[in-house]
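Structure record follows, encoded as C-alpha cells.
The values are calculated or read from the model by the stated rules, or taken from the named source; none is laboratory data. Computed from a predicted model, the values in this text were never measured in an experiment. Backbone-built Cβ (ideal geometry, glycine too); neighbour counts: all protein chains shown.
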Amino acid sequence: MPQLSLRRLLVFLRRTTVLDRIALAVIVIYVIFRILAVAGMRLPFGGLIFLLSFVAVVYFVIRLMPWVRNHLLWRLRNRLIVAYVLIAVVPVVLLLSMVGLAAYGLYLQLGAHLLHDGLQERVSIITGDADAIAGAVQDQVNRGIPNDEGLLKRPEIASLIDSVRQQWPSVRVSTNHGQRLLDARKSKDYAGLVEEHGELWIASVQRRETRNGPIYVFVGSPVTSGFLDGFGSELGPIQMMLLKRAADKPQSGIALEIQNRLYIPGEQISSRNRVLARPANLLDIRVNGASTLEALHHDPGQDATPVPVLASFALRPSALNNRLQTSVGAVGPLLAALLILAAIIFLFLELAALVTGIVLTRTITRAVGDLYEGTLRVRRGDFSHRIRVHQNDQLGALGESFNEMTASVSELIQEQQKRQRLENELSIAREVQQQLFPRTLPQLPGLQLAAICRPARSVSGDYYDFIPLDSSRLGIALADISGKGISAALLMASLQASLRSNATLDGQNGTAGLVGRLNQQLFKNTGDDRYATFFYAVYDSNARTLTYTNAGHLAPFFVHAGKVQELAEGGTVVGLFENIPYTQGTVRVESGSMLVAFSDGLTEPENVYGEEFGMARLREEVLRQATVPPARAAENLIAAAELWAGSAEQADDMTVVVARMG
C-alpha cells in the first residue's frame with residue numbers, strides 16, 4: 001500500500017508544472033515553520049515565508065478555478081449555491097471584516113491616545129516640579145547666592161527637591177544644564193523625553209533670568225519599569241524602546257527604517273506589574289499596538305536632533321469600552337442594547353434570506369432536473385416523453401416549450417436527413433470538379449506557371465486549364481461560369497470537355513476559331529440563361545508569341561518592362577448567342593514577360609466604404625509582383641484583394657493564373 005501511495009504521488013508530481021512544485025514547497029516550508037513556532041523556536045525570515053505562502057495559496061486558487069468550474073460547478077444546484085454565497089454571504093463577511101478592521105484600528109488609536117495622555121500627564125507633573133525648583137533657584141541667585149554646586153543644597157531648594165523625590169525617586173536636579181535642548185527647540189523651556197548616555201529620561205528644562213544672567217535648571221528622571229507601571233489600568237503591558245541611529249544596515253539583528261533613516265534597537269524598558277485582563281467574551285481579543293515618540297539628545301558633543309522612541313502596548317477592547325461608556329453615563333447601556341437588538345434583527349433577516357434561497361433553489365433545480373431528464377430521453381430517441389409542469393411561471397413555460405419542441409423534432413430530423421443528402425451531393429460535385437482542374441503543371445521551355453482557385457462556396461464557378469498542344473505550344477484557358485453551385489459545375493464540365501476536344505483542332509483558324517466552335521456547342525447543349533466568360537491563349541515558345549481570344553472575360557494583363565497591356569481582343573461571352581464572330585490578338589513575348597489572368601472575384605471585393613478593389617488597384621499590384629515567382633505572385637494578388645476587403649469571407653470565386661514567359 002505505501003508503494004502504491006508513493007507511485008501515485010510521483011505520477012501527480014509529473015503532471016504538475018515547475019510553478020506548482022515551487023508553490024507546494026513554499027506551503028510545506030510554512031507549515032514546518034508554524035510547527036516549530038508552536039514548539040517555541042524562533043526562526044528567521046518568518047514574515048517572508050508567510051508572504052510567499054500567501055502568494056502560493058492565491059496561485060493554487062487560480063489554478064484550481066478551471067477544475068472547480070468543470071467538476072464542482074457542473075450541476076446547476078452547486079452554481080446557485082455559489083451564486084447565493086457570493087451575493088449574500090460574501091458581502092456580509094466583507095462587511096463584518098471591514099467592521100472588525102475598523103474596530104481594530106479604532107482601538108489601536110484609542111490605546112495610543114491613552115499612552116500619549118499618560119505620558120503627557122507625567123510630563124506636566126515634572127514640568128510643574130521643575131518650574132517650582134527653577135523659581136526657588138532664581139530667587140536665591142537674585143539674593144546673591146553663587147550659582148554653584150552648593151546652591152541646590154540650600155534649605156529652601158533642598159526641601160523642594162525632597163518633595164519631588166517622593167514621586168520621582170530617581171530624580172536628578174542640576175543647574176547650568178539643558179541649554180542645548182532649549183536651543184534645539186528655540187524656546188524658554190522644554191519638557192518631554194530625553195536621551196542621555198543611551199538611557200531614556202523624562203525631563204524638564206527651565207530658563208530663568210537673574211541679575212547675573214540667565215540660568216538653566218534641569219529636572220529629570222529615568223524612564224523605568226515603575227514609571228511604566230503607573231500608566232492607566234486600561235492598558236496592558238507597556239514597553240518603550242530607544243532607537244539609535246545606524247550608518248549602515250547591520251549584518252545581524254533588527255534594523256528599522258523611519259523617515260528614510262536607519263535605526264537599531266537601544267535601551268528597552270518594559271513594565272513589570274502590568275497584566276492584561278482576562279477576556280470578557282469571545283470577541284474581547286488581545287489588541288497589540290505601537291506608537292512612535294520623540295526624544296532629544298542631551299549628551300555633550302551631540303546635536304539635539306530628535307531620536308525616535310518605539311512604544312508598544314497591549315489592551316482589551318472591553319476595558320476601553322467600559323471607559324467609553326463611563327463618558328456617556330447612563331446612555332451607555334442603552335446604546336449596547338440597541339446594538340444587540342440590531343444584531344438579532346440582522347441575524348433573523350439573514351436566516352429568512354437563507355431559507356428563501358433554499359426554497360428557490362429546490363424549485364429551480366427540480367425544473368432543470370426534469371428538463372435534463374427529458375433531454376436524455378430525447379437523445380435516446382424517445383420523442384414521446386413529456387415533462388411534468390409543476391408551477392405556472394417561466395420555468396413552467398419552459399417545460400411546455402420543451403414538450404412542444406419534442407413534437408416537432410422528428411420533422412427536423414427528416415429535414416436534416418434531406419439536407420445531409422444534398423450536402424453529400426455537393427461533396428460529390430466538389431470532388432468531380434477537382435478532377436477537372438489540372439493536377440500537375442505542364443513543363444515548357446522558358447515557361448513558369450501558377451494557378452489558384454478559391455471557391456466562395458463548396459462548388460466553384462471558375463475554371464482554368466493548361467492544355468499541352470505540342471512540344472513548343474501550350475493552351476491557357478480561364479472561364480467564369482454564370483451562376484453558382486451544381487449548375488455552374490455541370491456547365492464547367494461541359495466547357496472543359498468541349499475545350500479539350502477542340503484544342504487539337506486549333507489549326508488555321510487559331511484561337512478565334514476554337515472559341516467560335518466552343519460557343520456553338522455550348523449554345524446548343526445548354527439552357528438560354530447559361531453562359532460563360534472565357535479567355536483562351538496559346539503560347540508558342542519557338543515563335544515567342546502569345547495568341548489569344550477574349551470572350552467577354554475581364555481583360556488579362558500582359559506585363560513587360562514595367563508596362564501593362566490589357567488583352568481584350570475577342571468578342572462576347574460563349575454559350576449565349578449563336579454564330580457570333582470572334583477575333584484574336586497576338587503579342588510578342590520578350591524575356592521576362594508575364595501574363596496575369598483572373599476572374600471578377602479578384603476585382604470586386606469591397607472595403608467598409610463600399611469601394612471595389614478594381615482593375616486599377618489590381619494593375620498596380622501586378623506591377624509590384626512583376627519580378628516575383630509566379631506561385632508567390634498569385635498568392636500575393638489574392639492576399640491583396642482580401643486585405644482590401646478586410647475579411648476572409650468571399651462574395652465570389654477568386655481565380656488567378658500567372659505565367660512567366662520568355
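Rundown of residues vs (1) modelled with pLDDT of 75 or more; (2) under 47 Å from the mean Cα position of the chain (by Cα), yes/no style:
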{"residue": "Asp393", "(1), (2)": "no, yes"}
{"residue": "Ser401", "(1), (2)": "yes, yes"}
{"residue": "Gln433", "(1), (2)": "no, no"}
{"residue": "Pro445", "(1), (2)": "yes, no"}
{"residue": "Ile467", "(1), (2)": "yes, no"}
{"residue": "Ser471", "(1), (2)": "yes, no"}
*Check Gln120 against each of (1) part of a helix (DSSP H, G or I); (2) out of contact with any Lys or Arg (no Cβ under 8 Å at 6 or more places or on another chain); (3) modelled with pLDDT under 90 and name the one condition it does not meet.*
(3)
*Pick from Arg79, Arg15: which is modelled with pLDDT under 75, in contact with a Leu (Cβ under 9 Å, 6 or more places away or on another chain) and among the basic types (Lys, Arg)?*
Arg79
*asked:* Restricting to the stretch 575-612, count the residues that are assigned to a loop (DSSP other than H, G, I, E, B) and surrounded by 21 or more Cβ atoms within 10 Å (Cβ to Cβ).
replied: 6
_Complete set of residues in the stretch 372-383 that are over 37 Å from the mean Cα position of the chain (by Cα) and at pLDDT 75 or above_ = Glu373, Gly374, Thr375, Leu376, Arg377, Val378, Arg379, Arg380, Gly381, Asp382
*Look through the stretch 554-574, keep the residues that are surrounded by fewer than 15 Cβ atoms within 10 Å (Cβ to Cβ) and of a type in the set (A, V, I, L, M, F, W, C), and return whichever of them is farthest from the chain's Cα centre (by Cα).*
Ala568
*Right, Arg377: surrounded by 13 or more Cβ atoms within 10 Å (Cβ to Cβ) and in contact with a helix residue (DSSP H, G or I) (Cβ under 6 Å, 6 or more places away or on another chain) or not?*
no
_Selection count, the stretch 197-240, where residues are within 60 Å of the chain's Cα centre (by Cα) and at positive phi_ = 2
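Table: residues versus (1) under 30 Å from Ser204 (Cα atoms); (2) touching a residue at least 60 places away in the same chain (Cβ under 8 Å); (3) among the acidic types (Asp, Glu).
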site: Leu95; (1), (2), (3): no, no, no
site: Ser124; (1), (2), (3): yes, yes, no
site: Ala134; (1), (2), (3): yes, yes, no
site: Gly150; (1), (2), (3): yes, no, no
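Would you confirm whether or not the stretch 94-105 contains a residue that is at negative phi and either touching an Asp or Glu at 6+ places or on another chain (Cβ under 8 Å) or of a type in the set (D, E, K, R) (or both)?
no
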*All positions within the stretch 331-370 that are closer than 22 Å to Asn392 by Cβ and out of contact with any helix residue (DSSP H, G or I) (no Cβ under 6 Å at 6 or more places or on another chain)*: Thr356, Ile358, Val359, Leu360, Arg362, Thr363, Ile364, Arg366, Gly369, Asp370
*asked:* Could you check the stretch 100-154 and list, in sequence order, the residues that are more than 60 Å from the chain's Cα centre (by Cα) and of a type in the set (Lys, Arg)?
replied: Arg143, Lys153, Arg154
*For the stretch 507-516, does any single residue satisfy the condition of being crowded, with 20+ Cβ neighbours inside 10 Å and closer than 27 Å to Gly592 by Cβ?*
yes
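Scan the stretch 635-662 residue by residue and report those that are touching a residue at least 24 places away in the same chain (Cβ under 8 Å), more than 23 Å from Arg588 (Cα to Cα) and of a type in the set (A, V, I, L, M).
Start the filter on the stretch 635-662 by keeping residues that are touching a residue at least 24 places away in the same chain (Cβ under 8 Å), which leaves 635, 637-638, 640-642, 644-646, 650-662.
Of the ones still in play, those that are also more than 23 Å from Arg588 (Cα to Cα) are 635, 637-638, 640-642, 644-646, 650-655.
Leu637, Ile638, Ala640, Ala641, Ala645, Ala651, Met654 - these are the residues of the stretch 635-662 that are touching a residue at least 24 places away in the same chain (Cβ under 8 Å), more than 23 Å from Arg588 (Cα to Cα) and of a type in the set (A, V, I, L, M).
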*asked:* Looking at Val409, Val459, can you tell me which residue is free of Cβ contacts under 8 Å to residues at least 60 places away in the same chain, outside the structural domain of Ala367 (by TED's automatic domain parsing) and either part of a helix (DSSP H, G or I) or not small (Gly, Ala, Ser) (or both)?
replied: Val459
*Is it the case that the stretch 196-210 has a residue that's out of contact with any helix residue (DSSP H, G or I) (no Cβ under 8 Å at 6 or more places or on another chain) and free of Cβ contacts under 8 Å to residues at least 60 places away in the same chain?*
no
*Return the only residue of Ile145, Ile161, Ile81 being in contact (Cβ under 8 Å) with a residue 24 or more places away in the chain and in the same structural domain as Gly213 (by TED's automatic domain parsing).*
Ile161
